[in-house]
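K.L.:
Here it is, the structure in full.
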Amino acid sequence: MKFALVDGIRQEATTGVRGSCPGCGSPTLAKCGLKRLHHWAHISTAVCDRWWEQETEWHRAWKNLFPTQWQEVRHVAIDGEVHIADVKTASGTVIEFQHSEITPQERGSREAFYDSMIWIVDGTRFKRDLSSFREALLNAPPVGAETDARSWLLFDRAAVIIERWRGSKRPVFLDFGDAEFPLAWMPSTGVLWWLSYTLRGRVIATPVHRQSVVDHILSGTSIRGFGRPMPPMSRRSGRPRF
Ligand SMILES: [Zn+2]
């Protein structure tokens with residue numbers, strides 16, 4: 001974790017300091033080596049939040065785009081279950097940055113637990129994800145009427161990464177980093193792919209400006225695709241709202 005409590009105050013890890021876990025209250029030790037990101041680890045092997053995944057540079061870079069008080073926020077359900085959200089906005093929307101694989105069951109649990117949430121997925125984690133996604137786009141019809149931005153309608157098994165996230169009921173944004181797509185109008189950096197799953201085994205894939213997603217989370221401004229402006233989306237259904 002990036003933050004632990006030291007004398008009751010949220011702090012980043014500094015060498016030799018002990019703190020306590022904001023999730024479970026057990027003692028943590030600052031890990032400030034050269035190989036991994038500076039972070040806090042539980043002193044015992046206890047894992048208090050079974051949803052927590054080891055933080056990568058990718059996670060940390062995303063989290064740092066948001067105010068520190070929004071990062072790693074403890075969330076308690078009515079039944080007492082505790083999880084730490086990667087980012088939770090002032091209005092209560094949770095942003096989860098997902099690098100490793102996640103089972104459909106666990107994904108469903110998190111969507112139910114957080115309710116209003118957005119997934120941002122590391123599209124560079126598995127080798128075949130990008131190539132199969134590109135290939136699927138080549139064979140897919142563009143969507144005109146359903147959204148105002150350029151997008152494609154795909155089967156929800158059309159590519160490995162699309163199939164892995166099928167059934168998701170929240171907005172999913174794929175982050176392929178600076179990967180290039182053979183589309184003349186698309187910039188080579190700053191793009192995310194917004195996947196919106198429909199009930200009929202299809203998904204709408206829409207490239208959007210990455211910064212507009214960040215701004216949307218920060219201040220509620222519209223997410224911008226390429227073409228005409230996008231309508232605001234519903235954070236519950238993950239679909240554009242008209
Ligand atoms: Zn803990």
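The values are calculated or read from the model by the stated rules, or taken from the named source; none is laboratory data. Remember, predicted model here, so these are calculated numbers, not experimental data. Cβ: placed from backbone, ideal geometry, glycine included. Neighbour counts: every protein chain shown. Just so you know, the surface numbers come from the protein's heavy atoms only, side chains and all, with ligands and any DNA or RNA stripped out. Shrake-Rupley method; radii C 1.70, N 1.55, O 1.52, S 1.80 Å.
K.L.:
State the answer as a single residue: which of Ala30, Ile78, Ser116 lies farthest towards the positive end of the charge dipole of the chain, with beta carbon charges of +1 for Lys and Arg and -1 for Asp and Glu, about the Cα centre.
P.N.:
Of the options given, the answer is Ser116.
K.L.:
Now, a different point. Roll a 1.4 angstrom probe over the protein heavy atoms and tell me the percent of accessible area of the range 1-48 that is carbon or sulfur.
P.N.:
Taking all protein chains in place, the range 1-48 shows 58 percent carbon and sulfur surface.
K.L.:
If Lys and Arg each add +1 and Asp and Glu each add -1, what is the summed charge of the other residues whose beta carbon sits under 10 Å from the beta carbon of Gly190?
P.N.:
Result for the neighbourhood of Gly190: 0.
K.L.:
I would also like to ask the following. I'd like the distance separating the alpha-carbon centroids of the range 6-51 and the range 77-102, in whole Å.
P.N.:
What the calculation gives is 18 Å, centre to centre.
K.L.:
Cysteines of the chain lacking any other cysteine beta carbon under 4.7 Å?
P.N.:
Result for the chain is Cys21, Cys32, no neighbouring Cys Cβ within the cutoff.
K.L.:
Glu163: accessible area at probe 1.4 Å, nearest 10 Å²?
P.N.:
We get 80 Å² for Glu163.
K.L.:
Something else about it: Taking only the C-alpha atoms, wrap a convex hull around the chain and report its volume per residue in Å³ as a whole number.
P.N.:
Hull volume normalised by residue count: 135 Å³.
K.L.:
Here is a further query. Going down the list Lys63/Lys88; Lys2/Lys63; Lys2/Lys35; Lys31/Lys127; Lys2/Lys88, which pairs span over 20 Å between their C-alpha atoms?
P.N.:
Distance filter (> 20 Å) returns Lys31/Lys127.
K.L.:
What net charge is computed for the residues neighbouring Ala77, neighbours being all others with C-beta under 12 Å from the C-beta of Ala77, Lys and Arg scored +1, Asp and Glu -1?
P.N.:
Net local charge, Ala77 excluded: -1.
K.L.:
Let me check against my output: what whole-number percent is the relative contact order of the range 35-114, with C-alpha pairs under 8 Å and at least 6 apart?
P.N.:
After rounding, I find 21 percent.
K.L.:
With all protein chains present, how much of the accessible area of the range 50-242 (probe radius 1.4 Å) comes from carbon and sulfur, to the nearest whole percent?
P.N.:
Its accessible area is 51 percent carbon and sulfur atoms.
K.L.:
Now, a different point. With only Lys, Arg, Asp and Glu charged, each at its Cβ (+1 for the first two, -1 for the last two), find how big the charge dipole of the chain is about the Cα centre; round to the nearest 20 debye.
P.N.:
300 debye
K.L.:
Which of the peptides 6-16, 118-128 is most tightly packed, and how do the rest follow, going by the mean number of other Cβ atoms within 10 Å of each residue?
P.N.:
Going by the mean number of other Cβ atoms within 10 Å, highest first, we get 118-128, 6-16.
K.L.:
Write down the accessible area per residue of the chain in Å², having rolled a 1.4 Å probe over the full set of protein chains.
P.N.:
Heavy-atom accessible area per residue stands at 50 Å².
K.L.:
Give, as a single signed number, the net charge of other residues whose beta carbon lies under 14 Å from the beta carbon of Trp165, with Lys and Arg counted +1 and Asp and Glu -1.
P.N.:
0
K.L.:
Per DSSP H run of at least 4 residues, take -39500 (n - 2.57); add these up for the chain, divide by its residues and hand me the 222 nm value, nearest 500 deg cm²/dmol.
P.N.:
The helix-only estimate for the chain comes to -5000 deg cm²/dmol at 222 nm.
K.L.:
Go through Ser20, Ala46, Val6 and say which Cα lies farthest out towards the positive end of the charge dipole of the range 1-48; charges sit on Cβ, +1 for Lys and Arg, -1 for Asp and Glu.
P.N.:
Ala46
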